[in-house]
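Just below is one structure, and these are the notes that go with it.
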Amino acid sequence: MSSKVSRRTFMKAGAAAVGALTCLRPLSPALGANSATPGIDYERVHGYCPFCQTRCTFTAFKKNGKAEFLVGKDGNRWTAGGMCPKGMSFLELADSPHRLTRPMLKTASGWQNISYDEAIALTVEKLQEARRRHGNEIARHLALTAPLWDCRESELAALITMRFAGCINIMPPGEVCISTASSTLNTLLGSGNSTTTVDEVENAELLVLWGANISETYPPYTRWLEKAKAKGVRIILLDCRRTRTSNFVDRQLRIAPGTDGALALGFVNQIIQDGSYDKAYVAENTNNFNALVKDASPWTLAQVAAATDLAEEDIIRFYRELMNSRRTMMWLGGSLSRYSNGMATVRAIIAMQVLCNQIMGSGKGLLTMESGKPEGEKEFVDHICGRAPAGVNFRRLRIAMDRNEIDVLFLNSSYRRYPDCDGLKETLKKVNFVIHRGFFKTEELEVAHLFVPATFTLESQGSHYGAEKQVVWRDKCQNAPGDCVPDWQFYRDIGRRLEPEKYPRFETPSELATLFSNTLPDWKGITVDRLRKSPSGLVGPIPAINGPELLGCIFRDGKFRTPDGKFDFLLKAVGPIIWTPPKGAPKDKDGDPKNFPLTFIQGKILTQWQQTITNFAASLAQFSNGRYVQVHPETASQCGVKHGETAYLVTAFGKVEARIEASEDITPGVVFTPSHFLGTSPYPATNSPPINSILPNYWDRISAQFNGLGCMLQPMKG
């Protein structure tokens, strides 16, 4: 779906968009208007950024069959037209000279180009061989890491194809970044998403950013911090680093990394002991309160201070602010999920909100940027393919690969997302046949047998979901180069050959999206036509055609979405809420504080997205100085390293070279490094061994976690 815009409007858009790239501010509302000025017309095509779950929408300005510029959609209620540098890099990435555009098969003499039809035929042949070999046991021998960068219809097509192939081992893209929070939320509350929408921050009295570095990881959402402050909302940030987000808060607690659970349990213990929790609400809406009393009882003020490295007076002040607030919202950062104690931490924070009756209603609740996936996917696939048992997580899949039990693996997202990625690389080499879908020459090619190039967001239509449970739509803007095909087409073409009579008939993502909305009652009102007209997307569920969106609190009837409508403090399958230092941390019972006295953390930065394709954008690489570690000047001095020098970042599992950035913006004893570097980047500024190559294969009960272990900085000799 497209329309025309004049050259004059395009030039105005270009100037405003450059401003957005530089300072990340919303664009002018005037950009949407057509001008009567004669000149070359530009076609406008609507789309979205597939990176983070802010899910910014944009208009692509197209001429001669290709997009020339992107402008954020000013009518987007969530972003107000903002986009960050990562999203603005798509045009460059799509036209990159480093892009791989032909299917390739690994042979004894190296990689050889083959046709797309040959790639599909070979993939189907491998799947059929596996089914003949294993019969009814086939489910244990196939696996998929789900498509990450394309669209929701690609995920659906892949799930349907793999189910027909017999596969149940499907790894969600966010397993190492959202699973702890989303699984805990789903278990305790009946929904794995935020309990409200971000616009409700304006109605809060107190907003707690719990490890949520909004301004760097989700820049367009900084506007909501500004809007909250304008309404008099008090904002507190819990983070061991001073970041851009620190500029928008009233106070920051420089809490020791990974100790958030101890701080939360201390608050729970405090309000239980002094009886200041909402007794009537807890009695009516929760189960097994006594279990929580027992879990929190060890956490005295002194113990919390010892664990968190916070002063007792700062802890008391924080607790009082929470108790005195009538409307509190907690914004949970992805960092909470990336610790081996993440589930205990998230459980304790949720318990805080429940005890104070701060989970339901305007200006209350929990926000998480690491989810937002609407419900209905499993029901739809079951409707098409029949019910199937639950699959396994990546930990168990890795064990199966180590045992040579996996015949075919579809590797979509990067294996470098997982800790001990070098060890995982050797494990992946034990898989009989690995199909990799990607864009550039990355480490995944070292373990793949077949490479089939994928498309960028401008090169196919489809929908996606965002943090507010919104669904957004994009239309195809330009043709993909070479034999690049979108994920939905790749998996559809495989599925049609495997089950020609059963596979659903669709030629475009819009047809699959329509089939989905017609199948599920809660999606009746989320039509493709309505999505195309909305710059913000549609927040579901919307069970009626032209029905209203459901903004704000998700608990409309005042009950949790659990089977009995209540919150249970006791999870028998998981056990009590026990917080301990992260495994391998300096304070852990098995840690090594003598040799590895510093605490390691990693994360995303403003101009790069985790272990991904943004490394291939020269416009982003120019802002990078290569692999660095941020460390406090006192810590640098103690380690014998200086600002600007190159040193080794060392763990018990390996080391990498890194430049020292000595800064008081990080607390003493902590080392931070970005997540995004990879060893095949064509630009020296973003080329470094993946940081997960020196991190251990530690797992909690939910997902792989890799922050918080002990490390050291070692000067380079000579």
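Read-outs: derived from the displayed coordinates by stated rules, not from any lab. Being a predicted model, the structure only gives us computed values, none of them experimental. A quick note on method: Cβ atoms are made from the backbone with ideal geometry, for glycine too, and the neighbour counts reach across all protein chains shown.
The magnitude of the dipole of the chain, with charges of +1 and -1 set on the Cβ of Lys/Arg and Asp/Glu and taken from the Cα centre, is near 660 debye.
The calculated P(r) of region 355-491, using every Cα pair and 5 Å bins from 0, goes 2, 8, 12, 14, 16, 17, 15, 9, 4, 3, 1, 0 in percent.
The antiparallel fraction among DSSP beta bridges confined to the chain stands at about 50%.
For Cα pairs less than 8 Å apart in space and 6+ apart in sequence, what is the mean separation divided by the residue count of the chain, i.e. the relative contact order in percent? Don't skip to the answer; put the middle values down first.
Working: 1608 pairs, mean separation 128.6, N = 718.
18 percent.
Each principal axis of the Cα atoms in region 102-184 has its own extent, and those three values, largest first, are 47, 33, 25 angstrom.
Our compactness index for region 452-525, the C-alpha radius of gyration over the empirical 2.2 N^0.38 Å, is 1.22.
Charges only on Cβ, +1 for Lys and Arg, -1 for Asp and Glu: so what's the dipole of region 179-368 about the Cα centre, in debye to the nearest 20? Show your work: numbers first, answer last.
Numbers: 19 positive and 18 negative charges, 62 e Å.
So the dipole magnitude of region 179-368 works out to roughly 300 debye.
For region 632-678, the spherically averaged projection of the C-alpha convex hull amounts to 3.6 nm². Assign one of three labels to region 598-715, namely rounded, prolate or oblate, based on the Cα gyration tensor with a ≥ b ≥ c the square roots of its eigenvalues; rounded applies when a/c is under 1.5, prolate when it is not and a/b is larger than b/c, and oblate otherwise. Taking the square roots of the gyration eigenvalues as a ≥ b ≥ c, region 598-715 is oblate.
Is region 558-619 rounded, prolate or oblate when judged by the Cα gyration tensor, a ≥ b ≥ c being the square roots of its eigenvalues, rounded requiring a/c under 1.5 and prolate requiring a/b larger than b/c? Spell out each step's value before the answer.
Values: a/c = 4.22, a/b = 1.29, b/c = 3.27.
Verdict is oblate for region 558-619.
For region 179-368, taking Cα atoms only, Rg and Dmax work out to 15.3, 42 Å respectively. Rounded to the nearest 20, the Cβ-based charge dipole of region 598-715 about its Cα centre (Lys and Arg +1, Asp and Glu -1) stands at 280 debye. Over region 415-467, the fraction of Cα-Cα pairs per 5 Å bin, rounded to whole percents and listed from the shortest bin up, is 4, 17, 22, 19, 15, 12, 10, 2. Sorted ascending by nearby beta carbons within 10 Å, beginning with the fewest, 488, 149 become 149, 488. By its C-alpha gyration tensor, with a ≥ b ≥ c as the square roots of the eigenvalues, how is region 484-527 shaped: rounded for a/c under 1.5, else prolate for a/b larger than b/c, else oblate? Judged from the Cα gyration tensor, region 484-527 comes out oblate (a/c at least 1.5, b/c at or above a/b). Out of (1) 85, 68, 55; (2) 91, 63, 60; (3) 68, 60, 55, which label holds the value of Cα extents along the principal axes in Å that was computed here? Step by step, Cα extents along the principal axes in Å for this structure corresponds to label (3).
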